[in-house]
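To keep things clear, I will list the structure first and then write my remarks on it.
The values are calculated or read from the model by the stated rules, or taken from the named source; none is laboratory data. In this text, all values refer to a predicted model and were calculated from it rather than measured experimentally. Positions of Cβ are backbone-derived with ideal geometry, glycine not excepted, and every protein chain shown enters the neighbour counts.
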Amino acid sequence: MCLDYDIVDKDLLMRMLPCLLAAQLFRFAINMLKMICEIPRYADLGDLSQFWNQALSGYLLQISQSSDSSHIPTTLSVLKACLCSPDLLCIDGVAIVSSLLENSGKSTGSLSLRLACIVIDVLPCSQQAITALHAVVSNMDPDSLGQLVQQLLELSSSEPLCGSVELAVDWKLSRSLSLVFDHVDAHGLYEQCLLRLPLRKALHVYVQNRIFYDKLLAAVNMCMEREKRQLAEQLVAKYYSVRPVDVLAQDALSVGVSLDEATESDQTTDLTVSSKTIDISIAARKRILRIPDSLKLDIYMRSHK
């Protein structure tokens with residue numbers, strides 16, 4: 001009953017906490033830990049990190065074994081509680097990720113694998129967690145890897161505020177998805193892992209993730225080396241579509257390409273670009289976006305040497 005009322009009897013709560021963990025009522029244990037964190041003189045209660053680790057690890061493993069992805073919003077709420085905990089840095093993200101990956105059995109359909117990716121992107125996790133995920137990803141077949149990408153992109157990327165901390169699984173900045181994309185780049189698995197998915201969303205997230213981690217140029221070069229020019233054009237076209245429109249104008253200027261000639265426009269004044277001031281009208285913006293993808297690729301490659 002203390003979970004439903006404003007109880008501040010720390011001795012009572014501390015006696016109940018081990019009982020909840022022993023009964024594997026991990027979600028209730030996490031709620032109780034949240035209450036304990038709000039008690040005055042919380043620091044006097046001693047080290048509670050073992051309780052946080054046991055409750056969170058137990059809860060995530062319970063959820064993963066259910067294979068029901070509808071539990072993910074609840075999982076995000078639980079992780080939110082961890083972010084607000086004074087014991088956040090004592091939570092062993094590596095151990096939690098390792099246990100989830102071990103439970104996944106390399107099956108990309110497993111909820112464990114997705115939960116491991118979420119934990120890596122939400123909680124403070126060291127490189128060891130990334131290394132553990134890499135060991136699983138590197139042994140997945142291309143179709144399974146593509147399925148994992150699709151499942152991750154289907155997750156909601158925005159959650160309410162938790163105090164002053166916003167919990168958001170932003171796959172454009174995701175460390176776990178970046179690792180997956182690194183594997184895609186290294187083995188040229190674009191068709192299996194990107195082009196079979198809803199193309200617009202997959203490529204959009206892929207390109208923004210590569211931009212954030214400064215790996216897009218390497219990916220484009222890899223496509224060219226493997227004679228996948230059409231894919232390289234798609235990547236570069238998506239790059240310029242998510243960047244401010246003047247970026248393409250500046251790149252074209254730096255390599256001496258006339259955008260007016262490229263767009264077959266009579267209104268040359270709209271596309272005049274100086275090194276100090278970029279003033280592009282709406283009409284010019286539309287014309288720039290009509291530049292052929294093949295020319296965008298040439299501009300990108302020449303301006304990013």
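Brief remarks on what is shown
- Hits in segment 196-230 (condition: of a type in the set (A, V, I, L, M) and either free of Cβ contacts under 8 Å to residues at least 12 places away in the same chain or part of a loop (DSSP other than H, G, I, E, B) (or both)): 197, 199
- Enumeration of residues in segment 76-108 that are charged (D, E, K, R) and at pLDDT 90 or above: 92
Residues checked against (1) part of a helix (DSSP H, G or I); (2) closer than 22 Å to residue 130 by Cα; (3) among the β-branched types (Val, Ile, Thr); (4) touching a residue at least 60 places away in the same chain (Cβ under 8 Å):
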site	(1), (2), (3), (4)
34	yes, no, no, no
39	no, no, yes, no
50	yes, no, no, no
55	yes, no, no, no
62	yes, no, no, no
70	yes, no, no, no
80	yes, yes, no, yes
85	no, no, no, no
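- Looking only at residues of segment 130-155 that are at pLDDT below 90 and closer than 25 Å to residue 92 by Cα, we find that the one that is surrounded by the most Cβ atoms within 10 Å (Cβ to Cβ) is 148.
- Evaluation of residue 204 against (1) modelled with pLDDT of 90 or more; (2) more than 19 Å from residue 114 (Cα to Cα); (3) under 13 Å from the mean Cα position of the chain (by Cα) (one fails), failing number: (1)
- Conditions (1) modelled with pLDDT of 85 or more; (2) out of contact with any His (no Cβ under 8 Å at 6 or more places or on another chain): number failed by residue 189: (2)
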